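Below are the structure tokens for one structure; questions will follow.
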């Protein structure tokens, strides 16, 4: 993969995506979580996420993407279509497009996960835009322009 003029160019050859290594060394800090892009094509975008304890992704809806999470280490709580769920290392979470979902690390320890969406859509552009923003309100204000709709409220304490 190469990062050229702000656009990731997919390398469609077989490869091993090395642990800790992101595309062109990219690591995004999004609301205290570290996202490392692993692969990008028109059909799929994946990233590794380090979710510190007490971090969260406010409930939101992907209007044009299915999203999946494989929990690698630790545990996370989820709000999926208004219902509470719990996922631990080895579990895979399926979140079809149009279904509201939120992700919370209430476990008291850090967690890691592999996320992927299909198709890629505008999520890569959103991540580049929200890198290093510190307040959830800043993230939610930008997201509708990138096909992600956040649902109020935007504080973890109000969600689960």
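The values are calculated or read from the model by the stated rules, or taken from the named source; none is laboratory data. As the structure is a prediction and not an experimental result, all values here were calculated from the model. Methodologically, a virtual Cβ is constructed for each residue, glycine included, from the backbone with ideal geometry; neighbour enumeration extends over all protein chains shown.
If residue 95 satisfies all but one of (1) in contact (Cβ under 8 Å) with a residue 40 or more places away in the chain; (2) more than 17 Å from residue 32 (Cα to Cα); (3) surrounded by 20 or more Cβ atoms within 10 Å (Cβ to Cβ), what's the number of the condition it fails?
Single failed check for residue 95: (1).
Going by what's in this entry, would residue 58 be described as surrounded by fewer than 16 Cβ atoms within 10 Å (Cβ to Cβ), at negative phi and either under 12 Å from the mean Cα position of the chain (by Cα) or assigned to a loop (DSSP other than H, G, I, E, B) (or both)?
On the way: surrounded by fewer than 16 Cβ atoms within 10 Å (Cβ to Cβ): no; at negative phi: yes; either under 12 Å from the mean Cα position of the chain (by Cα) or assigned to a loop (DSSP other than H, G, I, E, B) (or both): yes.
In short, no.
Out of all the residues in the stretch 96-122, which are in a strand (DSSP E or B) and over 22 Å from residue 53 (Cα atoms)?
Let us first name the residues in the stretch 96-122 that are in a strand (DSSP E or B), namely 101-104, 111-118.
Correct list: 117, 118.
Here's a follow-up. From the list 8, 17, which residue is at pLDDT below 85, in a strand (DSSP E or B) and touching a strand residue (DSSP E or B) at 6+ places or on another chain (Cβ under 8 Å)?
8
Which pairs have Cβ atoms under 7 Å, sit 6 or more apart or on different chains, and link a residue in the stretch 105-128 that is on the phi < 0 side of the Ramachandran plot and free of Cβ contacts under 8 Å to residues at least 60 places away in the same chain to one that is in a loop (DSSP other than H, G, I, E, B) and buried (at least 19 other Cβ atoms within 10 Å of the Cβ)?
105/55; 107/74; 109/74
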